[in-house]
Amino acid sequence: MKRNGTINIGTVAKRTIAMEAAAINDLQQFIDADFERVVELVAQCEGRLVVTGIGKSAIIAQKIVATLNSTGTQALFMHAADAIHGDLGMIRQEDIVLCISKSGTSAEIKVLVPLVKNFGNILVAMVGNTNSFLAQEADYILNTSVSQEACPNNLAPTTSTTAQLAMGDALAVCLIEWHGFTAADFAKFHPGGALGKKLYLKVADLSKLHQAPSVLLTSTLREVIVEISSKMLGVTAVLDEKGGLQGIITDGDLRRMLEKNVSTGEVTAKDIMSVNPKAIQQNELAINALEMMRQHDITQLLAMDGERYSGIIHLHDLIREGII
């Protein structure tokens, strides 16, 4: 392929983005009674939304299915070519079928559509040509017409697939709001990733991984150093004889105390500790602990169970879990 070294790359890139942005903006005029009815039908459907397509539209269909499944709407991808070779068996009577196509006239679509109609399923067309075979046969139309592809030859699906993607997102977001799908619901479907962990991982889940370092108000300097060193968190809580939290000592506090050249023989934890330590309840989200650490420019927080000290959550714990 011969390279054209005379193009202005920045200009071409900006033109592409501008064309696709304009196409998405134009979709607003196609949010009509059909779109609203499709949202209602999918929201109330006792089956799944089966999304199908061919070529680049099939790739968009897979993304729409992924978005719907992760936000509480049961969806299934069925490739239009595979459908006419056996995969039609995945469609249930109670399912709704969404067929995505720019032209609405591809050979596979012309074979598939009559079969879906014979099954008696509701057929929704996301189509760029409202006069096409697919549009004429569909029960409802989601119009994704575009005036031109961003491709300079007006051939490669670019603007059209962007419009399909945006229309799919509009459908998904309407369903999210219809069902009242919350961040907590989202976390249930994303337990393995960093995003999910931000929504469900609690302080207690991380603080319990460590022993909870603690000394008494009357503990000697040596006892404080041994406790901080043995627990390897760079910090210890200071408690009274009843287990009540009184303060905190960090390895930084120890260094600053030693730099003063004071006699260490009579030094106790009470003499070194900082009062009113930064703490967080153990049932709080770990992401909230991170925000507190950032706000106060510290690397650990005391975890509390009500008024009782329960452990330490460290910045390293958050890094290890991929929350940062």
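The values are calculated or read from the model by the stated rules, or taken from the named source; none is laboratory data. These numbers were taken from a predicted model, which means no experiment stands behind them. Cβ sites come from the backbone with ideal geometry, for glycine too, and all protein chains shown count toward neighbours. The area values use the complete protein model at the heavy-atom level, side chains included, leaving out ligands, DNA and RNA. Shrake-Rupley method; radii C 1.70, N 1.55, O 1.52, S 1.80 Å.
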- prompt: So which aspartates and glutamates can Lys242 reach, going by Cα to Cα under 16 Å and dropping same-chain residues fewer than 8 places off?
  reply: Asp305, Glu307
Largest-first principal axis extents of the Cα set of the chain (Å): 92, 56, 35
query: For labels at Phe119 and His85 in the simple 7 Å Cα→Cβ model, what's the distance in nm?
result: 1.8 nm
field: Largest-first ellipsoid semi-axes for the stretch 38-154, taking √(5λ) over the Cα gyration tensor eigenvalues, angstrom
entry: 22, 16, 14
query: Say R0 is 56 Å: what FRET efficiency, to the nearest 0.05, do Thr299 and Val111 get from their beta-carbon distance?
result: 0.35
- prompt: Can you give the accessible area of Thr105 in Å² (nearest 10), computed on protein heavy atoms with a 1.4 Å probe?
  reply: 60 Å²
query: Which value in deg cm²/dmol, rounded to the nearest 500, describes the helix-derived mean residue ellipticity at 222 nm for the chain, given -39,500 (n - 2.57) per DSSP H run of n ≥ 4 and division by the residue count?
result: -13000 deg cm²/dmol
query: For the stretch 216-320, what is the convex hull volume of its Cα atoms per residue in Å³?
result: 99 Å³
- prompt: What share of the DSSP beta bridges in the chain is antiparallel, in percent to the nearest 5?
  reply: 35 percent
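Considering only Cα-Cα distances, which of the following residue pairs are longer than 19 Å: Lys63/Lys102; Lys63/Lys202; Lys63/Lys117?
Working: Lys63/Lys102 16 Å; Lys63/Lys202 30 Å; Lys63/Lys117 25 Å.
The answer is Lys63/Lys202; Lys63/Lys117.
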query: Taking the mean number of other Cβ atoms within 10 Å as a proxy for protection, how do you rank 22-32, 144-154 from highest to lowest?
result: 144-154, 22-32
- request: Find how many whole Å separate the alpha carbon centroid of the stretch 36-63 from the alpha carbon centroid of the stretch 239-269.
  value: 63 Å
query: If the chain between Leu155 and Asn131 were fully stretched, how many nm would it gain, using 0.36 nm times the residue separation less the Cα-Cα distance?
result: 6.7 nm
query: Heavy-atom accessible area per residue, the chain, 1.4 Å probe: how many Å²?
result: 53 Å²
